[in-house]
Structure formats: structure tokens, C-alpha cells
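Q: The structure's right below; bear with me while I get my questions together.
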Amino acid sequence: MSTTPVSPYTAADRMRWAALALVFTAAMINYIDRQAIAVLKPVLETEFGWSAQDYAHIVSGFQLATIASILAVGWFVDRVGLRSGYAIGVAAWSLAGMAHAVVTTITGFIGVRIILGVTEAVNTPAAVKTVATWFRGKDRSLALGIMNTAPNIGAVATPLLVPAIAIALGWKMAFIITGALGFVWLAFWLLLPKPPAASIEPISIPVEEAAAPKAGIKDLLRDRRAWAIALAKLMTDFVFAFMLFWAPDLFARRYGLDMAGFALPIATIFLMAAGGSLFGGWLSSALLRRGRSLNISRKVPMSVSAICALPAPLVMITPEPWAAVALVGLVLAAHQCFSTNVFGLITDIFPSRMVGLVAGFGATFGGLSGLAMLEFTGFVLDTTGSYLPMLLLCGFAYVTALTTLHLMVPDIDRAKEGSSETSPQISGEKTG
């Protein structure tokens with residue numbers, strides 16, 4: 001009598017792909033809600049008489065709130081539980097997104113942006129925890145990879161969806177409808193069953209690493225490699241924040257495009273950004289498969305990024321908007337390629353017990369650089385009306401970051417050897 005092979009997953013466990021679809025959708029909605037104001041800026045600027053600096057203060061409120069919430073939101077999700085924590089976060093940021101439709105002052109917009117920043121920060125720890133809960137083994141890595149593409153897809157969807165709603169129903173309805181998407185998501189999330197206990201497989205940690213002393217903030221601050229990561233993020237993350245919140249205005253000012261006119265160009269540059277992320281991962285992996293060292297496999301894609309970003313200032317002398325789209329899209333693709341390899345570098349040279357700490361350390365510096373760039377852009381536009389200073393910074397960001405990183409970590413393979421040390425002295429340098 002023949003028997004049918006039994007799948008290692010139960011019927012309930014097969015719902016993991018539904019859970020992943022919800023994680024993906026939540027990340028998309030997350031980016032739609034945060035980017036909607038950038039797409040609607042020309043209309044809001046006309047209605048409320050904003051200066052560039054006023055808009056900078058508004059979007060900086062979001063950036064500052066996100067930075068301040070990085071550690072707290074992770075604790076919150078662990079404290080109240082994944083199911084409730086994710087639901088509360090999505091409901092709260094959806095209400096904050098809808099509240100944009102009822103505020104009329106700069107202070108009011110800053111307030112709702114701060115609430116949006118705090119609540120949207122819940123998404124990353126909740127999404128990662130959902131994947132870790134529902135997936136195991138190789139499926140977990142695949143699920144994380146799929147999850148990481150969602151923000152780029154959200155950034156592509158926003159300029160296509162938001163202007164269409166605003167033109168048909170008005171800017172207030174654009175905020176209300178995009179905000180309400182979170183409540184549609186919430187209904188499906190609450191219908192998702194709890195994962196069966198058999199599907200939960202914690203990420204394994206080597207015995208020697210589990211026995212190693214925990215690294216703290218003081219150890220991190222003494223680690224040259226950690227500072228290399230932080231400085232790389234400081235010198236480059238502002239580019240994505242700048243493009244996310246100012247690219248629609250750039251195309252409106254430079255080429256006279258309205259919301260309908262810049263919708264497809266903005267969607268295209270973020271689609272190119274997604275391609276840069278995939279290319280950065282592919283190129284690094286391809287070099288490793290060919291037996292190249294970690295040092296070459298990480299720094300070659302970073303070098304490609306540095307070269308590709310250099311033409312950014314040419315946007316100011318490019319007469320055709322689609323030529324500018326190609327240039328700006330190339331910069332964003334370069335950013336994602338570089339960023340992918342910076343995150344890969346963290347996993348290369350640090351033990352798993354430190355990866356989260358180092359990533360958070362770098363993200364904090366990256367968030368601060370984004371905050372500074374948003375404010376700087378508002379000041380420069382009100383003073384000179386030109387995007388050239390910001391585009392120059394974007395163009396040379398990756399050359400500067402790669403040079404700094406190379407000076408601080410000249411050989412990634414040797415730095416990786418330092419990560420196996422179990423003493424708190426984790427600089428990666430040999431002691432006499």
C-alpha cells in the first residue's frame with residue numbers, strides 16, 4: 001500500500017504565505033502614507049502658502065519621530081505581542097494619515113507627521129517578527145527578501161495612486177482614502193489564524209557565540225568597524241530621504257510638471273531604485289560564487305554605486321524631463337545597491353548577536369543625515385531656489401562614503417576575523 005509523502009508543514013502552517021502577503025502589503029501602505037505628502041506638496045503649498053522651509057519642518061517632524069522611536073517600537077511589539085502590536089501600529093498610523101485631511105496649520109501638519117513617524121516605525125520590527133514566527137529554514141530567507149522589496153513597490157505606487165485620487169476627488173480625499181487602506185489591511189490581519197507552534201523555529205546561534213559575552217553600547221562605541229558602518233550610513237542615507245520627500249517638487253520646479261505630469265517619472269525612479277537593490281545583491285553574490293574575497297565582493301558593487309551617482313548634478317542642465325528621470329533613477333539605484341552591501345557588510349564582519357545593535361546604530365546616524373538634508377533643502381530653496389547644492393551632495397556622497405569606509409576597514413576579510421573574538425574588545429585589530 002503506497003503512502004503519500006507528508007509535507008513538513010501542517011495545513012494551518014501553509015497560511016504563512018498569507019501572513020507574508022500581509023507583511024508585504026503593510027509595508028507598501030506604510031510608504032504610501034509617508035510619501036503622499038510629497039506628491040501633494042504642490043497643491044498644499046498653493047492652498048496654505050507654505051515656504052520650502054515650512055515643508056521641510058513638516059517632513060522633518062516625521063524623520064525625527066522615526067529616529068526617536070527606533071528602540072521603543074521594538075520593545076512595544078515584544079511587550080504587547082505581535083498580533084496586537086502590529087494591529088495597533090497600523091490602525092494608529094492609518095488614523096494619522098487620514099488626519100492630514102483635517103489639519104490646516106503648519107503646527108498641525110507637523111503634529112500629524114510626528115504621530116505618523118512614531119506609529120509607522122512599528123512596521124519594521126513587527127514585519128520581521130511576523131516572518132520569523134511563520135517561516136523557518138530557507139523559506140525564512142526568501143520571505144525576508146520578498147519583504148524587503150515592498151517599500152520600493154510602495155514608493156512606485158504612491159505617485160500613480162495619490163495624484164489620481166487628488167485630481168478626481170481632491171487632496172483631502174487622497175489622504176483619507178490612502179489612510180483608510182490600513183483598516184482594510186487590519187480586517188485581514190485579524191482574520192489570520194495564530195501560527196501553529198510546530199512552525200516556529202528560532203534562529204539558531206552557534207554554541208560558542210551563545211556563550212560569548214553580550215556586547216553593549218560601550219563596546220560598540222569602541223569598535224572602529226561599527227563607526228565605519230555608522231559613517232557610511234551618515235554619508236549616504238540622506239539621499240533616499242531627499243528623493244522620497246523632494247523629488248516631486250524637483251520635477252515640478254525644474255520642468256513645470258503638475259501632479260499628473262510627474263506621477264510616472266517619480267514612479268519610474270523608484271522602480272529603478274528597486275532594480276539597484278536587486279543588482280547590488282546579485283553582483284556581490286556573483287563575485288563570491290567566483291571565489292572573490294569579501295573585500296572585493298562588497299567594495300566592487302559599492303564602487304559601481306559611487307560612479308553611477310556622480311552625474312546627479314547634471315539634472316540642472318538637462319532640458320528633457322525623462323533624461324532627468326534616468327539620472328535621478330540612476331542615483332537612487334546606486335543608493336540601493338550601496339545600501340544593500342552596507343547591510344551585507346554588517347552580517348559579514350559582526351557576529352549575529354551584534355547585527356541588530358550595529359544595524360540600529362547605523363540606522364540612527366542615517367536617520368539624522370536624512371533629517372539634516374530635509375532641513376538644508378528647505379533653507380537652500382528659500383534662499384536660492386536651486387536644487388544644485390543638494391544634487392552635488394547626492395552625487396559625491398558615495399565616493400566619500402566608500403573612501404571613508406575603505407580607510408576604516410581596508411580589508412573586510414581581516415575585519416571578519418575580528419568578529420570571532422569573544423572578548424568585549426571587538427575592534428577587529430590584533431592586540432600585542
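Please treat every number below as a calculation from the coordinates, not as lab data. All of these numbers come straight from a predicted model, not from anything done at the bench. Cβ coordinates were reconstructed from backbone atoms using ideal geometry, including for glycine residues, and neighbour counts include every protein chain displayed.
Q: Expressed as a rounded percentage, what relative contact order does the range 67-139 have, with Cα pairs under 8 Å and six or more residues apart? Please report the intermediate quantities before stating the final value.
A: Values: 50 pairs, mean separation 31.5, N = 73.
Relative contact order comes out at 43 percent.
Q: Give the label of the value calculated from the structure for Cα Rg over 2.2 N^0.38 Å, choosing from (1) 1.01; (2) 0.97; (3) 1.41.
A: From the options (1) 1.01; (2) 0.97; (3) 1.41, the structure gives (1).
Q: Let me ask something else about it. Give the relative contact order (percent, whole number) for the chain; include only Cα pairs under 8 Å separated by 6+ residues. Don't jump to the answer; show the numbers that get you there.
A: On the way: 634 pairs, mean separation 102.0, N = 432.
That works out to 24 percent.
Q: Rounded to two decimals, what is the ratio between the C-alpha radius of gyration of the range 214-421 and 2.2 N^0.38 Å? Don't jump to the answer; show the numbers that get you there.
A: Details: Rg = 17.9 Å, N = 208, 2.2 N^0.38 = 16.7 Å.
Relative to the rule-of-thumb radius for its length, the range 214-421 sits at 1.07.
Q: Can you give me the distance in nm between label points at Phe48 and Arg292, each placed 7 Å from the Cα along the Cα-to-Cβ direction?
A: Label-label distance for Phe48 and Arg292, simple model: 4.7 nm.
Q: Which value, in debye to the nearest 20, describes the size of the charge dipole of the range 214-421 about its Cα centre when Lys and Arg Cβ atoms bear +1, Asp and Glu Cβ atoms bear -1, and nothing else is charged? Mind showing how you got there, number by number?
A: Values: 16 positive and 13 negative charges, 149 e Å.
About 720 debye.
Q: Applying a 10 Å radius around every beta-carbon, put 220-227, 243-250, 391-398 in order of their mean neighbour count, most first. Before the final figure, lay out each step's value.
A: Working: 220-227: 19.5, 243-250: 24.4, 391-398: 21.9.
Listed from highest to lowest mean packing, they are 243-250, 391-398, 220-227.
Q: How big is the dipole moment of the chain about its Cα centre under a simple scheme where the beta carbon of each Lys and Arg is +1, that of each Asp and Glu is -1, and everything else is neutral? Debye, nearest 20, please.
A: 900 debye
Q: Quote the relative contact order of the range 214-421 in percent (integer), defining contacts as alpha-carbon pairs under 8 Å separated by 6+ residues. Don't skip to the end; give the middle numbers.
A: Values: 264 pairs, mean separation 80.4, N = 208.
Relative contact order of the range 214-421: 39 percent.
Q: Something else now. Past 28 Å, Cα to Cα: identify those pairs from Lys41/Lys129; Lys172/Lys194; Lys233/Lys416, in the order given. Kindly include the intermediate steps, with their values, before the conclusion.
A: Details: Lys41/Lys129 34 Å; Lys172/Lys194 37 Å; Lys233/Lys416 19 Å.
Too far apart for the 28 Å limit: Lys41/Lys129; Lys172/Lys194.
Q: Sorted by average packing, counted as other Cβ atoms within 10 angstrom per residue and highest first, what order do 372-384, 324-336 take?
A: Working: 372-384: 18.2, 324-336: 24.3.
Final packing ranking: 324-336, 372-384.
Q: Another question, then. Please list 29-42, 283-296 highest first by mean number of surrounding beta-carbon atoms within 10 Å per residue. Can you show the working numbers first?
A: Working: 29-42: 23.9, 283-296: 15.1.
Highest mean packing first, the order is 29-42, 283-296.
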